[in-house]
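The values are calculated or read from the model by the stated rules, or taken from the named source; none is laboratory data. The model shown is predicted, which means the values in this text are computed figures rather than measured ones. All Cβ positions, even for glycine, are placed from backbone atoms using ideal geometry, and neighbour counts span all protein chains on display.
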């Protein structure tokens with residue numbers, strides 16, 4: 001049985017090298033290439049490969065966004081991430097998103113070929129080093145919530161401040177009094193040790209206030 005592969009990498013020389021490498025294997029056929037994330041999703045939909053060889057650093061949709069898009073797609077191939085991203089965050093995110101294998105671009109050619117074959121059967125493969133790092137990363141406690149000092153209502157107010165809303169707009173959006181909004185703003189600045197509204201906006205954007213929005 002022939003393993004059908006799509007290669008997604010924004011560097012042409014990398015795609016050419018992988019095409020040549022995989023083309024030497026009698027049981028592997030490269031059926032498509034993509035130079036960015038959006039094209040990768042489209043090529044996978046058009047060719048329905050067994051395996052997607054995916055870089056994480058790409059224009060448009062990055063590799064993580066491609067993995068997320070494939071989770072909702074009618075056809076989801078095995079995914080071998082082949083990347084220069086060496087940090088644990090990328091590794092954990094990719095595995096959580098459904099990557100079958102994760103290889104660094106410094107991996108030997110035989111490891112890439114073996115990972116493609118494994119992915120075609122749904123078998124995960126990680127180098128011993130990456131497996132150790134993944135295990136250690138998953139055991140670490142999650143980072144503290146930078147907005148933990150704030151009440152649910154204060155988080156909502158901070159979210160609207162980050163969107164550029166005035167106190168009057170916030171009062172209307174949350175159906176509370178404008179004086180109550182001012183009280184919340186003073187409390188937010190005090191708890192987060194910020195000087196003014198501008199610093200509050202910067203803090204909220206830096207820590208992605210939307211992510212921490214209270215949900216009943």
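Tell me which of these residue 122 doesn't satisfy, since it passes every other one: (1) in a helix (DSSP H, G or I); (2) on the phi > 0 side of the Ramachandran plot.
Unmet condition: (1).
Condition first: in the same structural domain as residue 7 (by TED's automatic domain parsing), in contact with a strand residue (DSSP E or B) (Cβ under 8 Å, 6 or more places away or on another chain) and in contact (Cβ under 8 Å) with a residue 60 or more places away in the chain. Can you find one or more residues in region 126-133 that meet it?
First pass over region 126-133, keeping only residues in the same structural domain as residue 7 (by TED's automatic domain parsing): 126-133.
Then keep just the ones that are in contact with a strand residue (DSSP E or B) (Cβ under 8 Å, 6 or more places away or on another chain); that gives 126-127, 130.
Subset that is in contact (Cβ under 8 Å) with a residue 60 or more places away in the chain: none.
No: region 126-133 contains no residue that is in the same structural domain as residue 7 (by TED's automatic domain parsing), in contact with a strand residue (DSSP E or B) (Cβ under 8 Å, 6 or more places away or on another chain) and in contact (Cβ under 8 Å) with a residue 60 or more places away in the chain.
Evaluate the following for residue 118: is it surrounded by 16 or more Cβ atoms within 10 Å (Cβ to Cβ) and over 21 Å from the mean Cα position of the chain (by Cα)? It would help to see each step written out before you state the result.
Working: surrounded by 16 or more Cβ atoms within 10 Å (Cβ to Cβ): yes; over 21 Å from the mean Cα position of the chain (by Cα): yes.
Yes: the conditions hold for residue 118.
If you check residue 65 against the conditions, is it in a loop (DSSP other than H, G, I, E, B), at pLDDT below 95 and assigned by TED's automatic domain parsing to the domain that holds residue 19?
Numbers: in a loop (DSSP other than H, G, I, E, B): no; at pLDDT below 95: yes; assigned by TED's automatic domain parsing to the domain that holds residue 19: yes.
It is false that residue 65 is in a loop (DSSP other than H, G, I, E, B), at pLDDT below 95 and assigned by TED's automatic domain parsing to the domain that holds residue 19.
If only one of 94, 107, 99, 85 is surrounded by 19 or more Cβ atoms within 10 Å (Cβ to Cβ), out of contact with any strand residue (DSSP E or B) (no Cβ under 7 Å at 6 or more places or on another chain) and closer than 20 Å to residue 10 by Cβ, which one is it? Explain how you work it out, then say what you get.
Working: 94 fails: out of contact with any strand residue (DSSP E or B) (no Cβ under 7 Å at 6 or more places or on another chain); 107 fails: surrounded by 19 or more Cβ atoms within 10 Å (Cβ to Cβ); 99 fails: out of contact with any strand residue (DSSP E or B) (no Cβ under 7 Å at 6 or more places or on another chain).
Going through 94, 107, 99, 85 in turn, just one is surrounded by 19 or more Cβ atoms within 10 Å (Cβ to Cβ), out of contact with any strand residue (DSSP E or B) (no Cβ under 7 Å at 6 or more places or on another chain) and closer than 20 Å to residue 10 by Cβ: 85.
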